[in-house]
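Input: a single structure, listed below in structure tokens.
The values are calculated or read from the model by the stated rules, or taken from the named source; none is laboratory data. Fair warning: this is a prediction, and the values are worked out from it, not measured in the lab. Cβ atoms come from the backbone with ideal geometry, glycine included; neighbour counts cover every protein chain shown.
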Amino acid sequence: MTELTLPDYLRAGLDLVFVGINPGLSSAKAGHYFHSRLNRFWPAVARAGIFDPPLSAETDREALSQGVGFTDLVKRATSSVSSLRAADYRAGAASLQERLTIAAPAIVCFNGITAYRNFLKYAQGADRPIKPGLQPERLASATVFVAPSPSPANATVSLDELVEWYGKLAKLLRVRRAGKSVK
């Protein structure tokens with residue numbers, strides 16, 4: 001039996017790639033990123049102005065035409081990230097690094113500190129405190145940004161706070177698209 005997952009929306013030359021920790025079951029079954037009506041990703045990025053015109057879970061495939069891609073650290077869908085094990089992160093980190101090295105986006109945004117922490121640990125052997133925002137590391141040639149997880153499980157972060165973080169990312173994206181270097 002084939003494992004439930006979501007396809008990567010990746011190609012060379014993207015301005016931005018969003019990296020989730022792994023697909024939720026409802027998203028994988030629907031075939032769309034951040035499909036759960038409780039997930040705050042789409043409302044937050046719409047208010048922050050990441051997509052023009054704004055997209056939704058049902059139109060996520062159109063992100064590629066706007067220079068934005070999607071993928072996950074771990075491709076296996078689960079009902080909860082607590083179902084993921086070290087082996088999932090280890091394999092996922094190596095695979096993600098390879099996929100993003102090939103795609104070579106300008107900016108990579110990890111949705112959630114947990115996603116980035118596990119990527120750093122298993123892909124680069126690094127263990128350091130992580131806060132949202134720009135990160136000192138680069139992933140291949142990409143600038144790395146971490147946004148708080150938009151998952152409903154991350155209830156300590158409000159929609160307004162998510163909009164603020166995605167707004168910072170939108171500004172970074174506008175700088176990139178204006179032809180300036182992203183630091």
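Quick rundown of the values:
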{"read-out": "Lone unmet requirement of (1) of a type in the set (A, V, I, L, M); (2) crowded, with 18+ Cβ neighbours inside 10 Å; (3) out of contact with any His (no Cβ under 9 Å at 6 or more places or on another chain) for residue 86", "value": "(2)"}
{"read-out": "Extreme residue, nearest to residue 93 (Cα to Cα), among residues of the range 1-11 that are hydrophobic (A, V, I, L, M, F, W, C) and modelled with pLDDT under 95", "value": "4"}
{"read-out": "Some residue of the range 166-180 being touching a Gly at 6+ places or on another chain (Cβ under 8 Å), surrounded by 16 or more Cβ atoms within 10 Å (Cβ to Cβ) and under 26 Å from residue 5 (Cβ atoms)", "value": "no"}
{"read-out": "In the range 151-162, the residues that are surrounded by fewer than 19 Cβ atoms within 10 Å (Cβ to Cβ) and either of a type in the set (Val, Ile, Thr) or not in a loop (DSSP other than H, G, I, E, B) (or both)", "value": "156, 159, 160, 161"}
{"read-out": "Tally, over the range 135-163, of residues that are more than 17 Å from residue 20 (Cβ to Cβ) and either touching a residue at least 12 places away in the same chain (Cβ under 8 Å) or of a type in the set (Val, Ile, Thr) (or both)", "value": "8"}
{"read-out": "Any hit, the range 110-124, residues being buried (at least 23 other Cβ atoms within 10 Å of the Cβ), modelled with pLDDT under 95, in contact with a helix residue (DSSP H, G or I) (Cβ under 6 Å, 6 or more places away or on another chain) and under 26 Å from residue 15 (Cα atoms)", "value": "no"}
{"read-out": "Members of the range 1-37 found to be of a type in the set (Ser, Thr, Tyr), touching a Ser or Thr at 6+ places or on another chain (Cβ under 9 Å) and surrounded by fewer than 23 Cβ atoms within 10 Å (Cβ to Cβ), listed by number", "value": "9, 26, 36"}
{"read-out": "Residue match in the range 33-41 (condition: closer than 17 Å to residue 162 by Cα, in a helix (DSSP H, G or I) and under 15 Å from the mean Cα position of the chain (by Cα))", "value": "yes"}
{"read-out": "Any hit, the range 132-150, residues being assigned to a loop (DSSP other than H, G, I, E, B), farther than 16 Å from residue 45 by Cβ and either modelled with pLDDT under 95 or not basic (Lys, Arg) (or both)", "value": "yes"}
